[in-house]
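What follows draws every value from the coordinates through simple rules; no lab data is involved. All values reported here derive from a predicted model rather than from experimental measurement. Cβ: placed from backbone, ideal geometry, glycine included. Neighbour counts: every protein chain shown.
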Amino acid sequence: MAFSAFATGTAQEQAPRRKSKIALLLLLPGILYLMLFFLVPLVSLVITSFQEPIPFGDFGEFQTAFKWENYVEVVDTYGAHILRSFGYAILATIFALLFSYPLAYFIGVKARRWPLLQNLMLVLVIAPFFISFLLRTLAWKSILSDESFVITSLKALSLMAPDAHFTGTGAAVVFGLTYNFIPFMTLPLYSALERLDTRLLEAGSDLYSTPATTFFKVTVPLSMTGIVSGVLLTFIPAAGDYINASRDFLGGTGTAMIGNVIESNFLVTLNYPVAAALSIILMAVILVMVTVYVKRSGTEDLL
Amino acid sequence: MTLQEGRAISKAITAPKPPRRKASRIGFGDWILPIYALIAFVFLLIPIAYTFVFSFNNSVKSNIVWREFTFDKWLNVCDQIDVCVAFGNSLVIGVTATIAATVLGTMIAIALVRYRFKFRAGISLLLFLPMATPEVVLGAGLAAEFLSAGVQKGMATVIIAHTMFCVSFVVVTVKARVSTLDPALEEAGRDLYGSPAQVFWRITFPLLLPGIIAAALLSFALSFDDFIITNFNAGTLSTFPKYIYISAARGIPAEANVIASAVFILAIVLVLTAQISSAMRRKRLAKVN
C-alpha cells in the first residue's frame, strides 16, 4: 500500500490463525460502513451521471435514464477545465518533488547523527497541517497581493512588469497547490531516504562515479518507493482541489479547475448529472494515471 | 538498478563496518543543504507566522491591512459569535467522527494482521480506494446518495462523511502497530489461563494504544481541517473551515486567526512534548543498556 510509507517498525513474522468467525465480527462493521458510504455513493454518482431532466420538472429535478450524451456534453463544455486540472496538478507535483527531495535528503540522511533534531525538523515539515488549509492559502493571497511588499519590490526591481498580477493567475494556483501539498511529498521521501544505506554512496564514489551519477544510479532508485508514494499523495488531492483555484483564494477568471466546476454544478446550479459525470471522469483518469505510473516506475508492490 | 537489486546489495554489504570517513575540511558543498533546509523551513512557516501576527490586528471588518496591535481579539474571541459556533461544531464533529473511525478502523486492522479470511484482496482494495479518491468525488458521491435517499443534510451527514474517510487512515496507522506486536505475549497470556477478553484488554489493547492514539489524532486533524467533503454534505451547518470559505469573499475576522493560531499552538505543544519525552526515554534506555 502506498501509504505504508508513513509507518515504520519491524514486522514480526506472524502466521495468521484461522478463526474466521472472530475475523468476520471484527471486519463486518467497518467493511459494511465503507460499502454503504463509499461504494454505494460511487454507484449513485454513476447513476446520477446518466440522469436526464424531468420534462417540465422543477429546477434541479432529474429522473433516472441512460443519457450517455451527458459525458459527451461535459467533455465538450469542460474539456479545457479537465486538461487544466491535470496540467496544474502535474506542475505542482513536479515542483513539490523538486522542493522536497533536498529537504528530505537533508533530514533523512545528513541529519542522522542527531535524532532529536531530525524529529524537530519533521515537526516543522508538518507544521502547516496544524493551521487551517484555507487560512494558510488566504495568507499567501495577502502576502502576494498586488499591494504587498513582495510584489511591489519585485516590480520596483523590474523583475515583474508594472501592470502584472500574481494572484488570480494560473501561476498563483500552481504555487498554492505546491505549497499546500509539500508535506505529503516530503514525509514519504523522508521515510524512504531515512533507510538509505550511505555506504552504497561511498561504494559508488569508490568505483569512480561522479556524485551526479551516484545520485541518479543509486540514491534515486533506492528512494523510488518514497518518490512514488509522494507523487501519488500530492497529485491526487491536487487534481481534485478547488480551494486554490477559487476566485476568493489564489485563482481568478480562467483558472477554474475540475473541482470548481463540480462544486458549482452540484451546489449552486443544481446540475447534478454534469457534476456526477465530471466526478466519474476525474476518478477514472486518476485511476488510469496512477496504475500506469505505478507500473512504469516498477513499484507495483506499493499498492 | 531496480529497487530489489538495490535492497539485495544493501543486505549483502553488512559486515564488516567500513571505517567512517573523516571530513578533512568543511567545504562549500557541505553548507548548501543546511542553508537550503533553513530557507525551506522559513518558506513553510511564512503563512503560519502571517496568520498568527494578524490575530493581534485591531481590524474592523476585514483583516487585510495592519492597523494596530491588540490583545482584544484573543480575549474576546466569541464576540464574533459565528466563529465560535462554527468552531464548536467542528469540535463535536471531529470528536464523534474520530471515535467512530478509530473503533471501526482498529477492529479491521487487528483482523487484517491476525486472521486469514477470504476476499482479503478485495477488502484491501476497499480500504485503499478511499485514500486514492479525490475528496471532491467522495463529497459529491455521498451528497448524491443522500439526495436520492432524501436525507436532510446536517451535522449527522457530516459525521458520517468524516468517519468514512478517516477509517482507512486509522487502519493503515494501527496496522503498522499490530504487525510489530509479538504474538508470543498474547500466547503467554492464554497459557496463564487468561480469557480471550482478558488477553485482549490487558495485553493486546495496552500494547496497541500508542498506535490507536496516533490514529485518533490523525483522524481528528483530518476531520477538523476538512472542507471539501464537508462543503458537499453540510447543508446549512457551519464548520470552522466552511465559515472561512464563506467569509473569504468579504474578509475574515481576526477572531478566526485567533482560533486557528490557538489550535496550532496546542497541536505543536502536544507534538513537541511527545517528541521530547520519547527522546528522553530513549536516552534513559541507552543508559540502562
From the cross-link list B:K175/B:K283; A:K295/B:K118; A:K217/A:K295; A:K217/B:K118; B:K175/B:K242, which pairs have alpha carbons spaced over 30 Å apart? A:K217/B:K118; B:K175/B:K242
For region A:69-111, the Cα convex hull volume per residue in Å³ comes to 55
Just to be sure I understand the model, the point goes 7 Å from the Cα along the line to the Cβ. What's the resulting B:F43 to A:A284 distance in nm? 3.7
Rounded to the nearest 20 Debye, what is the dipole magnitude of region B:64-142 about its Cα centre when Lys and Arg each give +1 and Asp and Glu each give -1 at the C-beta? 800
Alpha-carbon spread of region B:196-289, three principal axes, descending order, Å: 61, 36, 16
Given the convex hull over the Cα atoms of chain B, what projected area results after averaging over all orientations, in nm²? 25.1
Distribution output for region A:137-276: share of Cα-Cα pairs per 10 Å bin in percent, first bin at 0, values 11, 25, 23, 22, 15, 4, 0
Calculated P(r) of region B:104-201 - Cα pairs past 22 Å, %: 47
Hey, rough spin-label estimate for B:D72 and B:S124, points 7 angstrom out along Cα→Cβ, what's it come to in nanometres? 6.0
For chain B, calculated [θ]222 nm from helices alone, where every DSSP H run of n ≥ 4 adds -39500 (n - 2.57): -24000 deg cm²/dmol
Roughly what % of Cα-Cα distances in chain A sit above 36 Å, to the whole percent? 34
Inter-label distance for B:A262 and A:V43, nm, one decimal - labels placed 7 Å from Cα along Cα-to-Cβ: 4.5
At a Cα cut-off below 13 Å, give the aspartates and glutamates reachable from A:K67, other chains included and same-chain residues fewer than 8 away excluded. A:E52
I need the calculated FRET efficiency for the pair A:T169 and B:L270, taking r as the beta carbon distance and R₀ as 45 Å, to the nearest 0.05. 0.75
Determine the equivalent ellipsoid of region A:153-222 by diagonalising the alpha-carbon gyration tensor, then write out the semi-axes as square roots of 5 times the eigenvalues, largest first, rounded to whole Å. 40, 18, 8
Mean separation of Cα contacts under 8 Å, 6 or more apart, over the residue count of region A:27-126: relative contact order %: 13
Sort A:182-190, B:81-89, A:148-156 for me by packing, meaning the mean count of neighbouring Cβ atoms within 10 Å per residue, highest on top. A:182-190, B:81-89, A:148-156
May I ask for the Kirkwood hydrodynamic radius of the protein assembly as shown, worked out over all distinct Cα pairs and given in angstroms to one decimal? 26.0
Note down the net charge around A:A238, summing +1 for each Lys or Arg and -1 for each Asp or Glu among other residues with Cβ under 14 Å from its Cβ. -1
